[in-house]
Number of protein chains: 2
Amino acid sequence: MKDLNKQFDFIIELDKLKGIYRQALIKADKNRFENSAEHSWQIALTAHILHEYAVEEVNVSRVMSMLLIHDIVEIDAGDTFAFADPAILAGQESVELEAANRLFGLLPEKQFLHFKALWIEFEDAKSTDARFAKAMDRILPLLQNMRNEGGSWARHSVKKSQVLSRNQYLEGLAPKLWSYVCEQVDIAVKQGWLEQA
Amino acid sequence: MKDLNKQFDFIIELDKLKGIYRQALIKADKNRFENSAEHSWQIALTAHILHEYAVEEVNVSRVMSMLLIHDIVEIDAGDTFAFADPAILAGQESVELEAANRLFGLLPEKQFLHFKALWIEFEDAKSTDARFAKAMDRILPLLQNMRNEGGSWARHSVKKSQVLSRNQYLEGLAPKLWSYVCEQVDIAVKQGWLEQA
């Protein structure tokens, strides 16, 4: 098959991410569930806007690309709630790797290798770009929940320590954002949106 | 107000784009209407994948940023169907400029100026980056309609000449993609999804 046809098949396959729904609620659209495609758009822009707070050098173009592709595996693997049982989360790893191979594998070889490497870098969260990307993926639900009476936290009895641990990439990487997260989490406990523990 | 609070207000305001619905249908999600946030995600990725076909030098990072922000004005101005009455389309211009000022104006001055300039560059469609971005915004509905029995074209009695004219940025900029568009449009006419005219 010609490269162009492979690329178009991949682009059309992306439509399916618009039907993968997350736990976050969209207050601005009748509190419906958020899908992973629109979430990916918003965090790519969030990274663009907030990268000036990183105290290590971040390549914002790479971070945006990472965030645009990071959830594509959910087309096959589904979305798993961030605070789900650790056993469930662990089981996702191999399913997502298989999904990455099938989905990025729709592309011509060179682009398959490029996107798969970028996705693995994000998952490993070792490089500065990947840690910043992870941090963006995690701070956004906090912002959304704080503007929505606790949102998915309140519905799932999430604990303060879980949210802090999830946002900890920010601690060394963007201290101003980390301070903000710590303040917000304390407010959320006072409001009864997060459990104190 | 501190810069960080302005930035978070803008990021949360973005949620509203998830409630702005377009004419395109998402076959992969029960043929519901597509919203402008998930559309922006998909065309940013489309640009990443297809920029190798541009015969002029394209800065893919700038193009992706342009595509991520190009529809934000719709939060205030609403979406207008691409093939709507020209008088309606002309009336949108001043409404969208006002929307750009209010929405990007939520950000600190420096980022306001950056995003507004990027949005105006896209709208003007004179630079190579902006023309390529426009082309991506326009080829994607073609791909979607071709996989969905004519989709929004068939419902609105759109003509072949309208689709060709809308995709004409590709003619000089990415001749291989332009050939593809011409072929697809002929197929669509044969299928009865586009009017021959």
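What the table below lists for this structure:
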{"quantity": "Any hit, segment A:64-77, residues being under 17 Å from the mean Cα position of the chain (by Cα) and polar (S, T, N, Q)", "calculated": "yes"}
{"quantity": "Subset of segment B:94-147 (residues that are closer than 23 Å to A:I49 by Cβ and basic (K, R))", "calculated": "B:R102, B:K110, B:K116"}
{"quantity": "Within segment B:1-19, considering residues that are at the interface with chain A (Cβ under 9 Å from one of its Cβ atoms) and aliphatic (A, V, I, L, M), the one nearest to the chain's Cα centre (by Cα)", "calculated": "B:L17"}
{"quantity": "Pick from segment B:45-89, criterion facing chain A (nearest Cβ under 7 Å) and without any contact (Cβ under 8 Å) to a residue 40 or more places away in the chain, ranking: surrounded by the fewest Cβ atoms within 10 Å (Cβ to Cβ)", "calculated": "B:S61"}
{"quantity": "Per-region count, segment A:22-44, residues at the interface with chain B (Cβ under 9 Å from one of its Cβ atoms) and among the aromatic types (F, W, Y)", "calculated": "1"}
{"quantity": "Within segment B:98-197, helices (runs of 4 or more DSSP H) holding 3 or more residues that are away from chain A (no Cβ under 14 Å) and crowded, with 20+ Cβ neighbours inside 10 Å", "calculated": "B:128-146"}
{"quantity": "Given (1) in contact with a helix residue (DSSP H, G or I) (Cβ under 6 Å, 6 or more places away or on another chain); (2) at pLDDT 95 or above, index of the condition B:E109 fails", "calculated": "(1)"}
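The values are calculated or read from the model by the stated rules, or taken from the named source; none is laboratory data. Note that the structure is predicted; figures quoted are calculated from it, not measured. We place every Cβ from the backbone using ideal geometry, glycine too, and count neighbours over all the protein chains shown.
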